[in-house]
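Right, one structure below, let's go through it.
The values are calculated or read from the model by the stated rules, or taken from the named source; none is laboratory data. Keep in mind that what you see is a predicted model, and the values were worked out from it rather than measured. Positions of Cβ are backbone-derived with ideal geometry, glycine not excepted, and every protein chain shown enters the neighbour counts. Remember, those area values only see protein heavy atoms, side chains included, never the ligands or the DNA or RNA. Shrake-Rupley method; radii C 1.70, N 1.55, O 1.52, S 1.80 Å.
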Amino acid sequence: MSHQDIDSLDTLRQRIREFAQVRAWEPYHTPKNLVMALSVEAAELLEPFQWLTAEQSQQLSAAQHEAVRQEIADVLIYLTRLADVLGIDLLDAAADKLELNARKYPVDKAHGNARKYSCPPGDSDFQND
């Protein structure tokens, strides 16, 4: 299987499904197990950035970049498999979430700051890192 064969989320989902099926992994691919594996992979994505400054994190070496690339792929694979097992269309869910976030963070209130919608302006606990 070459990477050119995967040109959409639907194709990726099908390839991951087939990968699991030929290995008879379906009994292990429960939502609980998949979300736990996803969490582990997301945590592994932190490792290449550990101890870097914000500036260094934007200028990764080739080896660091490849490590991040591999971990992002793991996260995407587990997320795609989890969505498949639960019958969730990732693009539809993302579109809905973007719509919701647009309402939570209107441009006139969110422009130029990273405040959460539930954190009022002037909140002393808020830090704009």
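Quick one: putting +1 on the C-beta of Lys and Arg, -1 on the C-beta of Asp and Glu, what dipole do you get for the range 8-119 around its Cα centre, in Debye to the nearest 20?
Values: 13 positive and 16 negative charges, 74 e Å.
In debye, rounded to 20, the range 8-119 gives about 360.
Which values of log₁₀ I(q)/I(0), to two decimal places, follow from the Debye formula for the range 62-116 at q = 0.18 Å⁻¹ with a uniform point scatterer at every Cα?
Treating every Cα as an identical point scatterer, log10 I(q)/I(0) equals -0.82.
If you take every residue apart from L79 with its C-beta less than 13 Å away from the C-beta of L79, what net charge results, scoring Lys and Arg +1 and Asp and Glu -1?
With Lys, Arg at +1 and Asp, Glu at -1, the neighbours total -3.
If you roll a 1.4 Å probe over the range 1-79 with all protein chains in place, what percent of the accessible area is carbon or sulfur?
On the way: 3430 of 5880 Å².
Here carbon and sulfur together make up 58 percent of the probe-accessible area.
I'd like the accessible area for T30: 1.4 Å probe, protein heavy atoms, all chains in place, Å² to the nearest 10.
For T30, solvent-accessible area is about 50 Å².
Return the single residue from R13, R81, R23 with maximal mean-square fluctuation; model: Gaussian network over the chain, springs between Cα atoms under 10 Å.
The residue that fluctuates most here is R23.
Calculate, for the chain, the solvent-accessible area per residue in square angstrom, rolling a 1.4 angstrom probe over the heavy atoms of the protein chains.
Numbers: 9810 Å² over 129 residues.
Value for the chain: 76 Å² per residue.
Pick from L45, L100, L91: which residue has the top mean-square fluctuation in a GNM of the chain where Cα pairs under 10 Å get a spring?
Between L45, L100, L91, it is L100 that shows the largest mean-square fluctuation.
Multiplying the sequence separation of D5 and Q58 by 0.36 nm and subtracting their Cα-Cα distance, what value in nm do you get?
16.0 nm
How would the range 1-67 be classified by its alpha-carbon gyration tensor: rounded, prolate or oblate, with rounded meaning a/c under 1.5 and the a/b versus b/c comparison settling the rest?
Oblate.
Give me a comma-separated list of calculated 3J(HN,Hα) values for the range 61-69, in order, Karplus coefficients 6.51, -1.76, 1.60 applied at θ = phi - 60°, integers in Hz, x for any Gly or Pro.
Rounded to whole hertz, the list is 5, 4, 5, 5, 4, 5, 4, 5, 4.
Per DSSP H run of n ≥ 4, the term is -39500 (n - 2.57); total these for the chain, divide by its residue number, and report the mean residue ellipticity at 222 nm rounded to 500 deg cm²/dmol.
-19000 deg cm²/dmol
Return the single residue from A67, A93, A110 with maximal mean-square fluctuation; model: Gaussian network over the chain, springs between Cα atoms under 10 Å.
Comparing A67, A93, A110 in the GNM, the peak value goes to A110.
For P(r) over Cα pairs in 5 Å bins from 0, in percent, which listed value, (1) 2, 9, 17, 18, 17, 12, 9, 6, 4, 3, 2, 1, 1, 0, 0; (2) 2, 9, 13, 14, 14, 17, 15, 9, 4, 2, 1, 0; (3) 2, 10, 19, 24, 21, 15, 6, 2, 0, 0, comes from the coordinates shown?
After the calculation, the listed value that fits is (2).
Could you compute how much accessible surface D108 exposes when probed at 1.4 Å, giving the result in Å² to the nearest 10?
My reading of the accessible area for D108 is about 130 Å².
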